[in-house]
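Take a look at the structure set out below.
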Amino acid sequence: MTTSFGPSYVRAIAPYIAGKPISEVAREFGLDEAKIVKLASNENPLGMPESAQRAMAQAASELGRYPDANAFELKTALSERYGVPSDWITLGNGSNDILEIAAHAFVEKGQAIIYAQYSFAVYALATQGLGARAIVVPAVKYGHDLDAMLAAITDDTRLIFVANPNNPTGTFIEGPKLEAFLDKVPRHVAVVLDEAYTEYLPAEKRYDSIEWVRRYPNLLVSRTFSKAFGLAGLRVGFAIAQPELTDLLNRLRQPFNVNTLAQAAAIAALNDQAFLEKTAALNAQGYRRLTEAFDKLGLEYVPSDGNFVLVRVGNDDAAGNRVNLELLKQGVIVRPVGNYGLPQWLRVTIGLPQENEAFIAALEKTLATV
Ligand SMILES: Cc1ncc(COP(=O)(O)O)c(C=O)c1O
(Lines give C-alpha, C1' and ligand atoms only; values in the text may rest on other atoms or scores of the structure.)
Protein backbone atom coordinates (compact mmCIF):
# COMPACT_ATOMS: atom_id res chain seq x y z
CA MET A 1 0.00 0.00 0.00
CA THR A 2 1.58 3.27 -1.10
CA THR A 3 1.52 6.24 1.26
CA SER A 4 1.99 8.85 -1.49
CA PHE A 5 -0.90 11.08 -2.46
CA GLY A 6 -1.74 11.89 -6.05
CA PRO A 7 -0.97 10.28 -9.39
CA SER A 8 2.67 9.36 -10.07
CA TYR A 9 2.72 11.66 -13.15
CA VAL A 10 1.84 14.62 -10.95
CA ARG A 11 4.49 13.71 -8.39
CA ALA A 12 7.02 13.54 -11.25
CA ILE A 13 6.48 17.21 -12.15
CA ALA A 14 9.29 19.66 -11.38
CA PRO A 15 7.40 22.84 -10.39
CA TYR A 16 7.68 25.95 -12.57
CA ILE A 17 10.53 28.22 -11.48
CA ALA A 18 9.48 31.86 -11.64
CA GLY A 19 11.79 34.88 -11.74
CA LYS A 20 12.88 35.90 -8.22
CA PRO A 21 10.82 38.78 -6.84
CA ILE A 22 12.69 41.98 -5.96
CA SER A 23 11.66 41.79 -2.29
CA GLU A 24 13.11 38.27 -1.95
CA VAL A 25 16.48 39.27 -3.43
CA ALA A 26 16.58 42.36 -1.17
CA ARG A 27 16.03 40.15 1.91
CA GLU A 28 18.45 37.41 0.84
CA PHE A 29 21.34 39.69 -0.10
CA GLY A 30 20.69 42.61 2.29
CA LEU A 31 20.10 45.04 -0.60
CA ASP A 32 17.97 48.16 -0.97
CA GLU A 33 14.87 47.21 -3.01
CA ALA A 34 14.97 50.52 -4.86
CA LYS A 35 18.40 49.70 -6.29
CA ILE A 36 17.52 46.24 -7.55
CA VAL A 37 17.06 45.71 -11.27
CA LYS A 38 14.75 42.87 -12.30
CA LEU A 39 15.25 41.55 -15.81
CA ALA A 40 14.00 38.05 -15.13
CA SER A 41 10.39 37.64 -16.22
CA ASN A 42 10.07 39.31 -19.62
CA GLU A 43 7.87 42.03 -18.17
CA ASN A 44 7.41 45.38 -19.87
CA PRO A 45 9.98 47.72 -18.27
CA LEU A 46 7.62 50.65 -18.82
CA GLY A 47 5.22 49.02 -16.37
CA MET A 48 1.50 49.34 -16.83
CA PRO A 49 0.12 51.88 -19.34
CA GLU A 50 -1.51 54.89 -17.66
CA SER A 51 -4.63 54.31 -19.74
CA ALA A 52 -5.02 50.92 -18.07
CA GLN A 53 -4.41 52.38 -14.62
CA ARG A 54 -7.22 54.87 -15.16
CA ALA A 55 -9.58 52.17 -16.41
CA MET A 56 -8.82 50.07 -13.35
CA ALA A 57 -9.48 52.94 -10.96
CA GLN A 58 -12.88 53.42 -12.55
CA ALA A 59 -13.72 49.72 -12.42
CA ALA A 60 -12.77 49.47 -8.73
CA SER A 61 -16.24 50.52 -7.59
CA GLU A 62 -17.67 47.34 -9.15
CA LEU A 63 -15.51 44.94 -7.17
CA GLY A 64 -18.26 43.90 -4.79
CA ARG A 65 -19.78 41.96 -7.65
CA TYR A 66 -18.46 39.01 -9.63
CA PRO A 67 -16.74 39.84 -12.92
CA ASP A 68 -18.68 39.52 -16.18
CA ALA A 69 -18.13 35.80 -16.73
CA ASN A 70 -18.43 36.22 -20.48
CA ALA A 71 -16.31 39.42 -20.51
CA PHE A 72 -18.65 40.97 -23.06
CA GLU A 73 -16.82 44.27 -23.46
CA LEU A 74 -13.31 42.86 -23.61
CA LYS A 75 -14.35 40.17 -26.07
CA THR A 76 -16.10 42.77 -28.21
CA ALA A 77 -12.95 44.90 -28.22
CA LEU A 78 -10.82 41.88 -29.17
CA SER A 79 -13.31 40.80 -31.78
CA GLU A 80 -13.16 44.25 -33.42
CA ARG A 81 -9.38 44.41 -33.20
CA TYR A 82 -8.73 41.00 -34.69
CA GLY A 83 -11.73 40.74 -37.01
CA VAL A 84 -13.19 37.51 -35.64
CA PRO A 85 -16.59 36.82 -34.03
CA SER A 86 -16.69 36.99 -30.22
CA ASP A 87 -17.33 33.26 -29.95
CA TRP A 88 -13.92 32.62 -31.53
CA ILE A 89 -12.30 34.17 -28.45
CA THR A 90 -11.59 32.53 -25.10
CA LEU A 91 -10.07 34.48 -22.23
CA GLY A 92 -7.53 33.11 -19.81
CA ASN A 93 -6.00 34.05 -16.49
CA GLY A 94 -2.84 34.88 -18.37
CA SER A 95 -2.11 32.92 -21.53
CA ASN A 96 -0.65 30.27 -19.23
CA ASP A 97 -4.26 29.44 -18.36
CA ILE A 98 -5.07 29.09 -22.08
CA LEU A 99 -2.17 26.68 -22.60
CA GLU A 100 -3.28 24.52 -19.68
CA ILE A 101 -6.95 24.56 -20.64
CA ALA A 102 -6.09 23.70 -24.26
CA ALA A 103 -4.04 20.69 -23.19
CA HIS A 104 -6.90 19.44 -21.00
CA ALA A 105 -9.50 20.16 -23.68
CA PHE A 106 -7.76 18.44 -26.60
CA VAL A 107 -5.79 15.58 -25.06
CA GLU A 108 -6.64 12.51 -23.01
CA LYS A 109 -4.35 10.92 -20.48
CA GLY A 110 -1.88 8.68 -22.29
CA GLN A 111 -2.14 10.48 -25.65
CA ALA A 112 0.81 12.44 -27.02
CA ILE A 113 1.70 16.14 -27.11
CA ILE A 114 4.58 17.42 -29.26
CA TYR A 115 6.75 20.41 -28.44
CA ALA A 116 10.30 21.52 -29.18
CA GLN A 117 13.36 21.17 -27.00
CA TYR A 118 14.08 24.55 -25.31
CA SER A 119 10.49 25.73 -25.80
CA PHE A 120 8.37 27.34 -23.09
CA ALA A 121 8.39 25.34 -19.82
CA VAL A 122 4.62 25.35 -19.43
CA TYR A 123 4.18 22.94 -22.39
CA ALA A 124 5.99 20.25 -20.42
CA LEU A 125 4.06 21.09 -17.26
CA ALA A 126 0.69 20.98 -19.01
CA THR A 127 1.60 17.67 -20.63
CA GLN A 128 2.74 16.07 -17.39
CA GLY A 129 -0.19 17.49 -15.44
CA LEU A 130 -2.68 15.49 -17.41
CA GLY A 131 -0.64 12.34 -17.66
CA ALA A 132 -0.07 12.74 -21.40
CA ARG A 133 3.03 11.56 -23.21
CA ALA A 134 5.54 14.23 -24.22
CA ILE A 135 7.28 14.00 -27.57
CA VAL A 136 10.11 16.51 -27.28
CA VAL A 137 11.63 17.26 -30.68
CA PRO A 138 15.31 18.29 -30.68
CA ALA A 139 15.87 21.95 -31.50
CA VAL A 140 17.89 23.24 -34.43
CA LYS A 141 19.91 26.37 -33.66
CA TYR A 142 17.88 26.65 -30.44
CA GLY A 143 14.63 26.91 -32.39
CA HIS A 144 11.78 24.67 -33.59
CA ASP A 145 12.53 22.06 -36.25
CA LEU A 146 9.11 22.01 -37.89
CA ASP A 147 9.88 19.16 -40.31
CA ALA A 148 11.01 16.98 -37.42
CA MET A 149 7.92 17.98 -35.47
CA LEU A 150 5.72 16.87 -38.37
CA ALA A 151 7.64 13.62 -38.64
CA ALA A 152 7.13 13.04 -34.90
CA ILE A 153 3.33 12.97 -35.18
CA THR A 154 1.95 9.58 -34.09
CA ASP A 155 -1.57 8.14 -34.27
CA ASP A 156 -2.18 9.18 -30.70
CA THR A 157 -0.79 12.72 -31.04
CA ARG A 158 -3.52 15.25 -30.29
CA LEU A 159 -1.67 18.53 -29.77
CA ILE A 160 1.44 20.40 -30.92
CA PHE A 161 2.70 23.48 -29.08
CA VAL A 162 4.62 26.00 -31.16
CA ALA A 163 5.99 29.20 -29.61
CA ASN A 164 6.71 32.04 -32.02
CA PRO A 165 8.85 33.82 -30.96
CA ASN A 166 9.99 31.17 -28.52
CA ASN A 167 10.86 31.69 -24.87
CA PRO A 168 13.60 31.31 -23.55
CA THR A 169 15.56 31.29 -26.81
CA GLY A 170 13.90 34.19 -28.70
CA THR A 171 13.97 32.23 -31.97
CA PHE A 172 11.46 33.06 -34.66
CA ILE A 173 9.84 30.99 -37.44
CA GLU A 174 9.00 32.94 -40.58
CA GLY A 175 5.34 33.08 -41.57
CA PRO A 176 5.56 31.06 -44.82
CA LYS A 177 7.37 28.21 -43.02
CA LEU A 178 4.73 28.12 -40.34
CA GLU A 179 1.96 28.17 -42.91
CA ALA A 180 3.51 25.26 -44.82
CA PHE A 181 3.70 23.38 -41.52
CA LEU A 182 0.04 24.05 -40.67
CA ASP A 183 -0.92 22.79 -44.12
CA LYS A 184 0.66 19.43 -43.34
CA VAL A 185 -0.59 18.87 -39.79
CA PRO A 186 -3.43 16.30 -39.85
CA ARG A 187 -6.79 17.75 -38.83
CA HIS A 188 -7.15 15.54 -35.75
CA VAL A 189 -4.06 17.21 -34.23
CA ALA A 190 -4.63 20.63 -32.68
CA VAL A 191 -1.88 23.23 -32.96
CA VAL A 192 -1.49 25.84 -30.24
CA LEU A 193 0.49 28.70 -31.74
CA ASP A 194 1.74 30.65 -28.74
CA GLU A 195 2.39 34.24 -29.79
CA ALA A 196 3.09 35.81 -26.39
CA TYR A 197 5.73 38.13 -27.93
CA THR A 198 4.16 38.84 -31.31
CA GLU A 199 3.73 42.58 -30.66
CA TYR A 200 7.53 42.97 -30.58
CA LEU A 201 7.98 41.76 -34.15
CA PRO A 202 9.13 44.35 -36.65
CA ALA A 203 6.70 45.00 -39.52
CA GLU A 204 8.69 42.94 -42.03
CA LYS A 205 8.43 39.79 -39.88
CA ARG A 206 4.71 39.93 -39.15
CA TYR A 207 2.33 37.38 -40.60
CA ASP A 208 -1.43 37.02 -40.33
CA SER A 209 -2.08 34.11 -37.99
CA ILE A 210 -5.70 35.16 -37.53
CA GLU A 211 -6.22 34.50 -41.24
CA TRP A 212 -4.80 31.01 -40.64
CA VAL A 213 -7.34 30.47 -37.84
CA ARG A 214 -10.07 31.04 -40.44
CA ARG A 215 -8.47 28.44 -42.69
CA TYR A 216 -7.35 25.77 -40.19
CA PRO A 217 -10.05 24.46 -37.83
CA ASN A 218 -7.36 22.76 -35.72
CA LEU A 219 -5.39 25.98 -35.02
CA LEU A 220 -5.55 27.99 -31.81
CA VAL A 221 -3.60 31.23 -31.55
CA SER A 222 -2.67 32.21 -28.01
CA ARG A 223 -1.83 35.81 -27.06
CA THR A 224 -1.20 37.68 -23.82
CA PHE A 225 -1.53 41.08 -22.20
CA SER A 226 1.47 40.28 -19.96
CA LYS A 227 4.30 41.35 -22.23
CA ALA A 228 4.06 44.29 -24.66
CA PHE A 229 0.70 45.42 -23.20
CA GLY A 230 2.31 45.73 -19.76
CA LEU A 231 -0.29 43.90 -17.64
CA ALA A 232 1.64 40.86 -16.32
CA GLY A 233 0.35 41.22 -12.76
CA LEU A 234 -3.29 41.32 -13.83
CA ARG A 235 -3.19 37.96 -15.65
CA VAL A 236 -5.03 38.25 -18.95
CA GLY A 237 -4.47 36.14 -22.03
CA PHE A 238 -6.71 35.02 -24.84
CA ALA A 239 -7.13 32.36 -27.48
CA ILE A 240 -8.48 32.80 -30.98
CA ALA A 241 -9.80 29.66 -32.64
CA GLN A 242 -12.86 28.39 -34.47
CA PRO A 243 -15.92 27.68 -32.30
CA GLU A 244 -15.41 23.92 -32.31
CA LEU A 245 -12.24 24.46 -30.27
CA THR A 246 -13.34 27.47 -28.20
CA ASP A 247 -16.49 25.59 -27.21
CA LEU A 248 -14.30 22.92 -25.64
CA LEU A 249 -12.13 25.48 -23.86
CA ASN A 250 -15.20 27.17 -22.45
CA ARG A 251 -16.37 23.94 -20.85
CA LEU A 252 -13.16 23.75 -18.82
CA ARG A 253 -12.48 27.42 -18.18
CA GLN A 254 -13.32 28.69 -14.70
CA PRO A 255 -16.29 31.03 -15.15
CA PHE A 256 -14.56 34.01 -13.53
CA ASN A 257 -10.99 33.38 -14.66
CA VAL A 258 -10.41 37.02 -15.67
CA ASN A 259 -11.24 39.50 -12.94
CA THR A 260 -13.05 42.83 -13.26
CA LEU A 261 -9.94 45.04 -13.00
CA ALA A 262 -8.09 42.91 -15.52
CA GLN A 263 -10.96 43.09 -18.03
CA ALA A 264 -11.13 46.90 -17.76
CA ALA A 265 -7.37 47.36 -17.98
CA ALA A 266 -7.05 45.02 -20.96
CA ILE A 267 -9.60 46.99 -23.00
CA ALA A 268 -7.67 50.20 -22.32
CA ALA A 269 -4.29 48.62 -23.10
CA LEU A 270 -5.62 47.09 -26.32
CA ASN A 271 -6.53 50.55 -27.56
CA ASP A 272 -3.30 52.22 -26.41
CA GLN A 273 -1.39 52.13 -29.69
CA ALA A 274 1.05 54.81 -28.52
CA PHE A 275 2.12 52.66 -25.57
CA LEU A 276 2.68 49.63 -27.81
CA GLU A 277 4.79 51.66 -30.21
CA LYS A 278 6.86 53.12 -27.40
CA THR A 279 7.33 49.61 -25.99
CA ALA A 280 8.53 48.16 -29.30
CA ALA A 281 10.92 51.06 -29.93
CA LEU A 282 12.41 50.84 -26.44
CA ASN A 283 12.83 47.10 -26.87
CA ALA A 284 14.59 47.42 -30.23
CA GLN A 285 16.95 50.02 -28.80
CA GLY A 286 17.67 47.86 -25.72
CA TYR A 287 18.25 44.79 -27.89
CA ARG A 288 20.88 46.67 -29.89
CA ARG A 289 22.60 47.84 -26.71
CA LEU A 290 22.67 44.42 -25.03
CA THR A 291 23.85 42.54 -28.10
CA GLU A 292 26.54 45.17 -28.74
CA ALA A 293 27.78 44.60 -25.19
CA PHE A 294 27.72 40.80 -25.66
CA ASP A 295 29.72 41.17 -28.88
CA LYS A 296 32.24 43.33 -27.08
CA LEU A 297 32.54 40.77 -24.30
CA GLY A 298 32.87 37.96 -26.85
CA LEU A 299 29.73 36.25 -25.53
CA GLU A 300 27.60 34.04 -27.75
CA TYR A 301 23.90 34.91 -27.81
CA VAL A 302 20.85 33.65 -29.71
CA PRO A 303 19.38 36.34 -32.00
CA SER A 304 16.03 37.19 -30.43
CA ASP A 305 12.69 38.50 -31.61
CA GLY A 306 11.28 38.74 -28.10
CA ASN A 307 11.87 41.20 -25.26
CA PHE A 308 14.77 39.13 -23.90
CA VAL A 309 18.07 37.62 -24.99
CA LEU A 310 19.64 34.25 -24.22
CA VAL A 311 23.36 34.68 -23.64
CA ARG A 312 26.07 32.10 -22.95
CA VAL A 313 28.10 33.22 -19.95
CA GLY A 314 30.60 30.35 -19.76
CA ASN A 315 31.59 26.98 -21.10
CA ASP A 316 31.04 24.81 -18.06
CA ASP A 317 27.72 23.64 -16.71
CA ALA A 318 28.02 25.65 -13.51
CA ALA A 319 28.49 28.92 -15.42
CA GLY A 320 24.85 30.04 -15.52
CA ASN A 321 24.28 29.63 -11.79
CA ARG A 322 27.69 31.02 -10.89
CA VAL A 323 27.30 34.20 -12.92
CA ASN A 324 23.69 34.52 -11.81
CA LEU A 325 24.71 34.47 -8.14
CA GLU A 326 27.31 37.20 -8.71
CA LEU A 327 24.72 39.31 -10.53
CA LEU A 328 22.23 38.82 -7.68
CA LYS A 329 24.83 40.04 -5.18
CA GLN A 330 25.04 43.22 -7.27
CA GLY A 331 21.26 43.58 -7.27
CA VAL A 332 20.63 42.38 -10.83
CA ILE A 333 18.04 39.63 -11.27
CA VAL A 334 18.12 37.68 -14.54
CA ARG A 335 16.97 34.13 -15.29
CA PRO A 336 19.22 31.08 -15.13
CA VAL A 337 17.91 28.46 -17.56
CA GLY A 338 19.48 25.23 -16.31
CA ASN A 339 15.94 23.87 -15.96
CA TYR A 340 15.66 24.17 -19.76
CA GLY A 341 18.85 22.16 -20.23
CA LEU A 342 20.83 25.36 -20.86
CA PRO A 343 23.11 25.53 -17.80
CA GLN A 344 25.75 27.70 -19.52
CA TRP A 345 23.25 30.39 -20.41
CA LEU A 346 21.27 33.20 -18.82
CA ARG A 347 18.11 34.80 -20.16
CA VAL A 348 17.98 38.54 -19.68
CA THR A 349 14.89 40.62 -20.24
CA ILE A 350 15.45 43.86 -22.12
CA GLY A 351 14.89 46.69 -19.64
CA LEU A 352 14.94 50.46 -19.52
CA PRO A 353 18.23 51.99 -20.74
CA GLN A 354 19.49 52.48 -17.17
CA GLU A 355 18.53 48.90 -16.24
CA ASN A 356 20.38 47.53 -19.26
CA GLU A 357 23.43 49.57 -18.27
CA ALA A 358 23.28 48.27 -14.69
CA PHE A 359 23.11 44.70 -16.00
CA ILE A 360 25.98 45.21 -18.46
CA ALA A 361 28.18 46.81 -15.77
CA ALA A 362 27.45 43.98 -13.32
CA LEU A 363 28.08 41.36 -16.00
CA GLU A 364 31.39 42.94 -17.03
CA LYS A 365 32.50 43.06 -13.41
CA THR A 366 31.44 39.46 -12.83
CA LEU A 367 33.18 38.09 -15.92
CA ALA A 368 36.35 39.94 -15.03
CA THR A 369 36.46 38.29 -11.61
CA VAL A 370 34.88 34.79 -11.73
C1 LIG B 1 6.06 31.80 -24.77
C2 LIG B 1 5.22 32.17 -23.59
N3 LIG B 1 3.95 31.80 -23.59
C4 LIG B 1 3.14 32.08 -22.57
C5 LIG B 1 3.59 32.77 -21.46
C6 LIG B 1 2.65 32.97 -20.33
O7 LIG B 1 2.47 34.28 -20.00
P8 LIG B 1 1.16 34.80 -19.31
O9 LIG B 1 0.55 33.66 -18.56
O10 LIG B 1 1.62 35.88 -18.40
O11 LIG B 1 0.27 35.27 -20.41
C12 LIG B 1 4.91 33.18 -21.40
C13 LIG B 1 5.44 33.86 -20.22
O14 LIG B 1 6.57 34.03 -19.97
C15 LIG B 1 5.75 32.86 -22.50
O16 LIG B 1 7.03 33.22 -22.49
Subject >> Range of Cα positions in region 282-370 per principal axis (Å), largest first >> reply: 32, 24, 21
**OP:** Please list 116-123, 166-173, 215-222, 271-278 highest first by mean number of surrounding beta-carbon atoms within 10 Å per residue.
**Re:** 166-173, 116-123, 215-222, 271-278
**OP:** Averaged over every viewing direction, what's the projected area of the C-alpha convex hull for region 50-271? Give it in nm², one decimal, please.
**Re:** 11.6
**OP:** Before rounding to the nearest 500, sum -39500 (n - 2.57) across all DSSP H runs of length at least 4 in the chain and divide by the residue total; then give [θ] at 222 nm in deg cm²/dmol.
**Re:** -12500 deg cm²/dmol
**OP:** Output the peptides 304-311, 108-115, 225-232, 288-295 sorted from most to least packed, where packing is the average of other Cβ atoms within 10 Å over each peptide's residues.
**Re:** 304-311, 225-232, 108-115, 288-295
**OP:** Over region 50-271, average the accessible area per residue using a 1.4 Å probe and give it in Å², no decimals.
**Re:** 41
Original post:
Given a 1.4 Å probe and every protein chain left where it sits, what share in percent of the accessible area of region 50-271 is carbon and sulfur?
Top reply: 50
Original post:
So which trypsin sites (Lys or Arg not before Pro) in region 43-106 pass both tests, a DSSP loop state and at most 15 other Cβ atoms within 10 Å of the Cβ?
Top reply: R65
Subject >> Among A268, L125, V162 the positive-end extreme of the charge dipole of the chain (Cβ point charges) >> reply: L125
Original post:
Relative to the Cα centre, what is the charge dipole magnitude of region 50-271, using +1 at the beta carbon of each Lys and Arg, -1 at the beta carbon of each Asp and Glu, and rounding to the nearest 20 debye?
Top reply: 240
Original post:
In nanometres, what is the gap between the two model label sites at Q354 and N321, each 7 Å from Cα along Cα-to-Cβ?
Top reply: 3.4
Original post:
What residues have an amide H closer than 5 Å to that of A196, excluding those fewer than 5 places away on the same chain, when H is modeled at 1.01 Å from N in the peptide plane?
Top reply: N164
Subject >> FRET efficiency, 1/(1 + (r/R0)^6) with R0 51 Å, evaluated for T369 and K109 via beta carbons >> reply: 0.50
**OP:** Whole Å is fine, so just give me how far the alpha carbon centre of region 316-332 lies from that of region 40-78.
**Re:** 36
**OP:** Calculate, in nm to one decimal, what A69 and K278 gain on full extension: separation in residues at 0.36 nm each, minus their alpha carbon distance.
**Re:** 72.0 nm
Subject >> Volume per residue of the C-alpha convex hull in the chain, rounded to whole Å³ >> reply: 164
Original post:
Can you list the HN-Hα couplings for region 91-100, worked out from phi with the Karplus curve (6.51, -1.76, 1.60; θ = phi - 60°), rounded to whole Hz and with x for Gly and Pro?
Top reply: 9, x, 7, x, 6, 3, 4, 4, 4, 5
Original post:
Which is farthest toward the positive dipole end of region 50-271 among P85, P255, Y216, measuring Cα position about the Cα centre, with Cβ charges +1 (Lys, Arg) and -1 (Asp, Glu)?
Top reply: P255
**OP:** Kindly state, to the nearest 0.05, the FRET efficiency for D156 paired with A203, given R0 = 45 Å and r defined as their beta-carbon distance.
**Re:** 0.65
Subject >> Net dipole in debye of region 249-370 [+1 Lys, Arg Cβ; -1 Asp, Glu Cβ; about Cα centre; nearest 20] >> reply: 360
**OP:** Between A60 and F256, take the C-beta separation as r, use R0 = 22 Å, and let me know the FRET efficiency to the nearest 0.05.
**Re:** 0.85
**OP:** For the pairs K205/K365; K38/K177; K296/K329; K278/K365, note any where the Cα-Cα span goes beyond 29 Å.
**Re:** K205/K365; K38/K177; K278/K365
Subject >> Sorted largest first, extent of region 113-155 alpha carbons per principal axis (Å) >> reply: 29, 25, 9
Original post:
Dipole of the chain, Cα-centred, from +1 at each Lys and Arg C-beta and -1 at each Asp and Glu C-beta, to the nearest 20 debye?
Top reply: 480
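The values are calculated or read from the model by the stated rules, or taken from the named source; none is laboratory data. No experiment lies behind these values; they were computed from the predicted model shown. Virtual Cβ from ideal backbone geometry, glycine too; neighbours counted across all protein chains shown. For the accessible areas, the whole protein counts, side chains as well, though only heavy atoms, and no ligand, DNA or RNA atoms are used. Shrake-Rupley method; radii C 1.70, N 1.55, O 1.52, S 1.80 Å.
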